[in-house]
């Protein structure tokens, strides 16, 4: 009787351990499509909800981004029309169908913006809505929309990382429009060039808070 | 002869007293750390180097130990108890103190994997969904804000951490490291841990 009881306990224990080990193994090697794995790969740097992330570089918000803009940027990285040592390698490993699918997924996300400095948002809003006529800077809202959500190939700016926006606008000529092929973002080159640093910072601060 | 001997003895006594006085801060909270983490925080066996680490990172880890969120086996065994009565002010002071000590690289990885590790560090492996470490940790693994310096940490420590994230252990809430480490295979971990142990 005692032996039977002991055997039962031992067998139950082994069974329990096997189930636990199986469950743990499942956690580690959860089956995932290659698309889901690629999506997770993007989110590792760009934020688990696509909200962006401040690493060594500011990695921009992708959530709610215009799909056509995202596809254009990924193509620009591959063709070296846009300079970025990390994204050039990333973009190379993406097939065109994957690019479209990823862009659609990110468009649907809508996390809260990370936000940025608050001091110059009023000035930033004025520049965003009215432009700087004396400097030949058109109103951002004219193309990017009054809600800064963009359209077609014109990117969403709402909720974009402050440091990322500042970096792009102040370095536009160095990172964008490289090479000889025509870039649809060519209008931004003189626009960014005509803004002073503090004007750039004001606009970047303003859009960083927009939902 | 005797008089010279007395003078030497008095000199030695005074000198040793002075040394003890200078080490007042060292006799307090810092000693509680250096017992395990090495005389100048350069690390010792399983306890990682604290010298030259980003102060914000040290602080968030201390908070994470206190909250019992960082749960890898050695943290659970040693660090949970070590910080149980550590107040935030002292934690911040300790973090700032260790951050200012010049770090010494461990140099204990596999030299043959240096270049492979460096390539993975800088570029990741996009085809395998392995992200570039450089994007967050910087070109020389120096870290920034609460993202740690990896350069020169011990091979065994880096290898253990990368494996642990892949097995589901936590560091801080919102850390991307579990996602980062999941696609890493054993060869990639070996290469990265080796490369980083040599980075100054």
Study note, to complete from the structure: GNM on chain A, Cα springs under 10 Å; top mean-square fluctuation among A:69, A:164, A:54 goes to A:54
**Study point:** Degrees separating the helix B:155-166 axis from the principal Cα axis of chain B, which is the longest one
**Key:** 40 degrees
Exercise for review: Could you grab the relative contact order for chain B? Cα pairs under 8 Å, six or more apart, rounded to a whole percent.
Suggested key: 25 percent
Review point. Using 0.36 nm per residue, how much length does the chain from residue B:35 to residue B:119 gain when fully extended, once their Cα-Cα distance is taken away?
Key: 26.6 nm
Study note, to complete from the structure: Least to most buried among A:86, A:78, by other C-beta atoms within 10 Å and fewest first, runs A:78, A:86
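Explain nothing, just the number: relative contact order of chain A, from Cα pairs under 8 Å at least 6 residues apart, as a whole percent. Walk me through the intermediate numbers first.
On the way: 295 pairs, mean separation 48.4, N = 211.
Taking the mean separation of contacting Cα pairs over the length of chain A, I get 23 percent.
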Exercise for review: Measure out, as a whole number of angstrom, how far apart the alpha-carbon centroids of the stretch A:149-211 and the stretch B:145-185 sit.
Suggested key: 34 Å
Revision key, fill the gap. The simple spin-label model distance between residue B:163 and residue B:111, using points 7 Å out along Cα→Cβ, in nm, is 2.5 nm
Review point. Between residue B:156 and residue A:48, what is the spin-label point distance in nm, taking each point 7 Å from the Cα along the Cα→C-beta axis?
Key: 3.2 nm
Practice item. May I ask for the Kirkwood hydrodynamic radius of the stretch A:87-131, worked out over all distinct Cα pairs and given in angstroms to one decimal? Key: 14.0 Å
Check your understanding: Against the longest alpha carbon principal axis of chain B, how many degrees, from 0 to 90 and to the nearest 10, is the axis of helix B:88-99 turned?
Key -> 90 degrees
Check your understanding: Measuring from the lowest to the highest alpha carbon on each principal axis, how far does chain B reach, largest first, in angstroms?
Key -> 79, 39, 26
**Study point:** Percent RCO, i.e. relative contact order, over the stretch B:111-197, from Cα pairs under 8 Å lying at least 6 residues apart
**Key:** 41 percent
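Give me a single rounded figure for B:121-133: the average over its residues of other chain Cβ atoms within 10 Å of their Cβ. Please report the intermediate quantities before stating the final value.
Details: counts 0, 3, 5, 7, 2, 11, 3, 3, 11, 2, 7, 9, 2.
If you average over the peptide's residues, the count of other-chain Cβ atoms is 5.
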Exercise for review: Please find, in a Gaussian network model of chain A (springs between Cα atoms separated by less than 10 Å), the residue of A:105, A:197, A:61 whose mean-square fluctuation is greatest.
Suggested key: A:197
Exercise for review: Compute the distance in nm between two label points, each set 7 Å from the Cα along the Cα-to-Cβ direction, one at residue B:76 and one at residue A:112.
Suggested key: 3.3 nm
Point to revise | Helical contribution to [θ] at 222 nm, DSSP H n ≥ 4, -39,500 (n - 2.57), averaged over the protein assembly as shown, rounded to 500 | key: -15500 deg cm²/dmol
**Study point:** Highest-MSF residue in chain A out of A:179, A:167, A:124 [GNM, Cα springs under 10 Å]
**Key:** A:179
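For the stretch B:89-128, what class follows from the C-alpha gyration tensor (a ≥ b ≥ c being the square roots of its eigenvalues): rounded when a/c is under 1.5, otherwise prolate if a/b is larger than b/c, else oblate?
Details: a/c = 4.68, a/b = 2.04, b/c = 2.29.
Because a/c hits 1.5 or more and a/b fails to exceed b/c, the stretch B:89-128 counts as oblate.
Which three numbers, in whole Å and largest first, are the semi-axes of the equivalent ellipsoid of the stretch B:111-197 derived from its Cα gyration tensor as √(5λ)?
Values: eigenvalues 58, 44, 35 Å².
Ellipsoid semi-axes (Å, largest first): 17, 15, 13.
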Review point. Projected area of the protein assembly as shown, taken from the Cα convex hull and averaged over every viewing direction, in nm²?
Key: 33.1 nm²
Practice item. List A:38, A:174 from most exposed to least, where exposure is judged by having the fewest other Cβ atoms within 10 Å. Key: A:174, A:38
**Study point:** Surface/4 of the Cα convex hull for chain A, nm²
**Key:** 16.0 nm²
Study note, to complete from the structure: With the label point 7 Å along the Cα-to-beta-carbon line of residue A:142 and a cut-off under 18 Å to each amide N, the hits in the stretch A:165-198 are A:184-196
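Once you sort the root eigenvalues of the Cα gyration tensor of the stretch B:47-110 as a ≥ b ≥ c, which label holds: rounded (a/c under 1.5), prolate (a/b larger than b/c) or oblate (the other case)? Before the final figure, lay out each step's value.
Working: a/c = 2.53, a/b = 1.25, b/c = 2.02.
Oblate.
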Review point. With axes computed from alpha carbons, what is the tilt in degrees of helix A:121-130 against the longest principal axis of chain A, rounded to the nearest 10 within 0 to 90?
Key: 60 degrees
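Each value in this text was obtained by applying a stated rule to the coordinates, not by laboratory testing. Worth saying up front: this structure is predicted, and the values here are computed from it rather than measured. Note that we place each Cβ from the backbone using ideal geometry, even for glycine, and neighbour counts take in every protein chain shown.
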